[in-house]
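Laboratory data are not the source of any read-out in this text; all were calculated from the coordinates shown. Fair warning: this is a prediction, and the values are worked out from it, not measured in the lab. Methodologically, a virtual Cβ is constructed for each residue, glycine included, from the backbone with ideal geometry; neighbour enumeration extends over all protein chains shown.
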Amino acid sequence: MFNSTYLLSIKGKDVKRFLKSLYRRNIYFISITITNNELICKIDEINYNKLKDIKTSYEIKVLKVYGFKRIINSIKYNVIFIIFFIIGMIYLIFLKNIIFKVNIIHDDKKLVEIIKNELDELNIKKYSFIKSYDYIQKVKEKILNDNLDTLEWIEIERVGGVYNIRLDKRIKNSDEKKSNLRHLVAKKSGIIKKIIAKDGEIIKKVNDYVNKGDIIISGEIHKGEDIKNNLSVNGKVYAEVWYKVRVNLPLYYYEEKKTGNDINTIKIEFLNKEYNIFNKEYKNKRSNKKVLFSDFYNMFSINYSKDEELSIVDQVNTIDKEKYAIILARDKIINHLDTNEYIISQKKLKTTINNSTINVEVFFKVYEDISSYSYYSLN
Amino acid sequence: MLKSINKIIKNNIFSINIIENTIDINNFIDITILESNKIVLEIPNGYLRIYGNNLTVSKLLDKEVMINGSITSLEFK
């Protein structure tokens, strides 16, 4: 692996004679080219060292070096360049891994200061080393946990030697800022059937009609015409709410159902007409056939067929459809009712048939919770 | 059998291979004459004379020599 060879030029009076004498001194050559008075030869390192020791009047010149020695020679020749190159690369890698700037992008100077101090503690600061992805994730998590009240979200983005830190300040829910004072209002229009008030002043009575947004239980407690107290109302109001539900259904109904009966049979097919030889035929069936024999033009063939019997429902039944539509309409209402809520009554309003669909309109009276809250402040 | 294996391993048999204008000689003893029209080699049982034109040695190892040129005749003596 570390053997080297040399290409030499030997010049002198009689190079052939010199070659002979070298051979007698046990110096061997890998290749030789002899021209007039010049001998160009390739020689290995051991023989080259022997040749170097010989004192001669012949001019011996190294034309080229091959192998490991050549690498060593070129390293020696370029040693300064190589050293500077390595230093340069190390310096480049060093610079590439240094943080030159930490940009915290947010308008709130106080928040920026808090985050900056925290980042400094976590060693994300100017002239420190770039951090790994996992470390950055941990930093993000830690900062978020440390500032749960003030910080909603943090993003640390690296652009070269710059870290851009984007912050999203936590905005406290506006409801929290509002006062706790509230009225109980109607979520939907309806006739009040039951009022459960834990506190507050009841303004509406049972069997009163209320529109959406009307105050039913007020947080303002009156004495005469003056407001004596303000409360946060708690309670529940149930009312009779009216709904009109419209359901459209296709009128025509077709269904194929397997009866479970099947027969294996052989059929002759001639000019697209089938003749069953052995077994009875089902009136409605689904056939899986395999061609056993067929002529060139497919006019005549003998087929093996597995016939499955089908029962077919094919009907136009407006009465059944109407009933089904009413059930669907009822289901629509029931699906959004809670445990204490129920359908008081229902009435079919009208049924219309358009082409292939039936449209049914049903009116419902529903006993339902209509409580909602409206916040207010003293100002 | 062992003898033949030994011969192959040691490879000390005098041999000549001629391929077109190249002659490769193994296990020769010495070069006696080296000229462009005549090369004489000392071989185990005497001398080998190679005649031709523009004869040159293209490889010269311990026991192997390769000669190039237009070879006209070989002579054992």
nm² value of the averaged projected area, convex hull over the Cα atoms of chain A: 55.3
Give me a comma-separated list of calculated 3J(HN,Hα) values for the stretch A:357-362, in order, Karplus coefficients 6.51, -1.76, 1.60 applied at θ = phi - 60°, integers in Hz, x for any Gly or Pro. 10, 10, 10, 10, 10, 10
Just the Kirkwood number for the stretch A:4-76, please: inverse of mean 1/r across all distinct Cα pairs, in Å, one decimal. 12.5
Could you derive backbone 3J(HN,Hα) for the stretch B:61-77 from the dihedral phi with the Karplus parameters 6.51, -1.76 and 1.60 (θ = phi - 60°), listing whole Hz in sequence and x where the residue is Gly or Pro? 10, 3, 10, 10, 9, 10, 10, 10, x, 7, 7, 9, 7, 10, 9, 9, 9
Please compute the Kirkwood hydrodynamic radius over the stretch A:7-49, one decimal place, Å, based on all pairs of different Cα atoms. 10.4
Would you mind giving the mean number of other chain beta-carbons within 10 Å of the Cβ of each residue in A:27-39, as a whole number? 4
Under a 5 Å amide H to amide H cut-off, with H placed in plane at 1.01 Å, what residues pair with residue A:234 once short-range neighbours are removed? A:198, A:199
If the cut-off is a Cα-Cα distance under 24 Å, which lysines reach residue A:101, setting aside same-chain residues fewer than 8 apart in sequence? A:109, A:110, A:116, A:125, A:126, A:131, A:138, A:140, A:142, A:169
Phi-derived 3J(HN,Hα) across the stretch B:23-29 with the Karplus relation (6.51, -1.76, 1.60, θ = phi - 60°), rounded Hz, x for Gly and Pro, is 10, 10, 10, 10, 6, 8, 9
How many angstrom lie between the Cα centre of the stretch A:290-338 and the Cα centre of the stretch A:25-99? 90
Around residue A:104, which amide H atoms from residues at least 5 apart in sequence, or from another chain, sit under 5 Å from its own amide H, with H modelled in the peptide plane? A:165
Within chain A, what's the longest run with no chymotrypsin sites (Phe, Trp or Tyr not before Pro) in a DSSP loop and at most 10 other beta-carbon atoms within 10 Å? Give the range, please. A:128-277
Counting Lys and Arg as +1 and Asp and Glu as -1, each charge on the Cβ, what is the dipole of the stretch A:4-76 about the Cα centre in debye, to the nearest 20? 120
Stokes-Einstein, Kirkwood over Cα pairs, the stretch A:101-169, 37 °C, 0.692 mPa s; D in µm²/s equals 274
Compute the acute angle (0 to 90°) between the alpha-carbon long axis of helix A:79-96 and the principal axis of greatest extent of the alpha-carbon atoms of chain A; round to the nearest 10°. 10
Longest chain B segment clear of GluC sites (Glu not before Pro) sitting in DSSP loops (not H, G, I, E or B) with at most 13 other Cβ atoms within 10 Å runs B:36-77
Under a Cβ-Cβ cut-off of 10 Å, what is the net charge of the residues other than residue A:234 that fall near it, where Lys and Arg count +1 and Asp and Glu count -1? +2
What is the magnitude of the charge dipole of the stretch A:184-334 about its Cα centre, with +1 placed on the Cβ of each Lys and Arg, -1 on the Cβ of each Asp and Glu, and no other charges, expressed in debye to the nearest 20? 360
For the stretch B:14-76, build the convex hull from the C-alpha positions and give me its volume per residue in Å³. 64
Does a label point 7 Å from the Cα of residue A:171, set along Cα-to-beta-carbon, have any residues of the stretch A:114-152 with amide nitrogen under 18 Å, and which are they? A:149-152
Which trypsin sites (Lys or Arg not before Pro) does the stretch A:124-226 hold that lie in a coil by DSSP with at most 15 other beta carbons within 10 Å? A:125, A:126, A:170, A:172, A:178, A:198, A:205, A:212
Mind putting a number on the dipole of the stretch A:261-379 about its Cα centre? Charges go on the C-beta only, +1 for Lys and Arg and -1 for Asp and Glu, and I need it in Debye to the nearest 20. 340
